[in-house]
Amino acid sequence: MKLPRKIPVVLILLFCVAFKPFHHGWANYDQDKTLDFKATIQESLYENPHASVKVKQDDKVWLVILAPVTRMTARGVKADMLKKGATIQVVGYPHKEVKDEMRAERIFVNGQKYELR
């Protein structure tokens with residue numbers, strides 16, 4: 001039995017739409033408002049599509065979207081460097097709609113700078 005040619009295209013479109021919410025493109029972040037602060041890691045997730053950390057800065061908790069794991073590893077940032085309780089400095093941009101989310105352009109771990117973009 002031969003399937004109509006439209007079915008594969010429809011499946012591809014559904015696949016793309018289904019995973020769209022997981023992609024954190026730069027267009028969602030306000031690159032006119034740079035954030036730069038030191039914070040304590042509360043949680044970390046070192047897996048694709050992007051690594052991330054929840055950090056506490058003063059009384060606010062931020063979800064910081066980092067780079068994909070392959071880029072993090074290539075730039076020298078390993079999972080064990082982002083442990084709970086560690087202090088890091090993040091430089092990045094706030095999400096345009098999600099008030100407690102930002103995307104990191106660079107991070108500093110133990111005084112060492114890591115460019116993520």
Residues that are touching a residue at least 40 places away in the same chain (Cβ under 8 Å) and under 14 Å from LEU116 (Cα atoms): does the range 24-36 have at least one? yes
Can you tell me which residues in the range 92-108 are among the aliphatic types (A, V, I, L, M) and within 11 Å of the chain's Cα centre (by Cα)? MET102, ALA104
Quick one: would you say ARG117 is at pLDDT below 95 and either in contact with a helix residue (DSSP H, G or I) (Cβ under 7 Å, 6 or more places away or on another chain) or at negative phi (or both)? yes
Scanning the range 108-117 residue by residue, the ones that are assigned to a loop (DSSP other than H, G, I, E, B) and either surrounded by fewer than 18 Cβ atoms within 10 Å (Cβ to Cβ) or β-branched (Val, Ile, Thr) (or both) total 3
Does LYS96 satisfy the condition of being more than 18 Å from LEU45 (Cβ to Cβ), modelled with pLDDT of 95 or more, out of contact with any Lys or Arg (no Cβ under 6 Å at 6 or more places or on another chain) and among the charged types (D, E, K, R)? yes
Do we have any residue at all in the range 46-59 that's more than 14 Å from VAL98 (Cβ to Cβ), at pLDDT 95 or above and among the aromatic types (Phe, Trp, Tyr)? yes
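The values are calculated or read from the model by the stated rules, or taken from the named source; none is laboratory data. Fair warning: this is a prediction, and the values are worked out from it, not measured in the lab. Cβ atoms come from the backbone with ideal geometry, glycine included; neighbour counts cover every protein chain shown.
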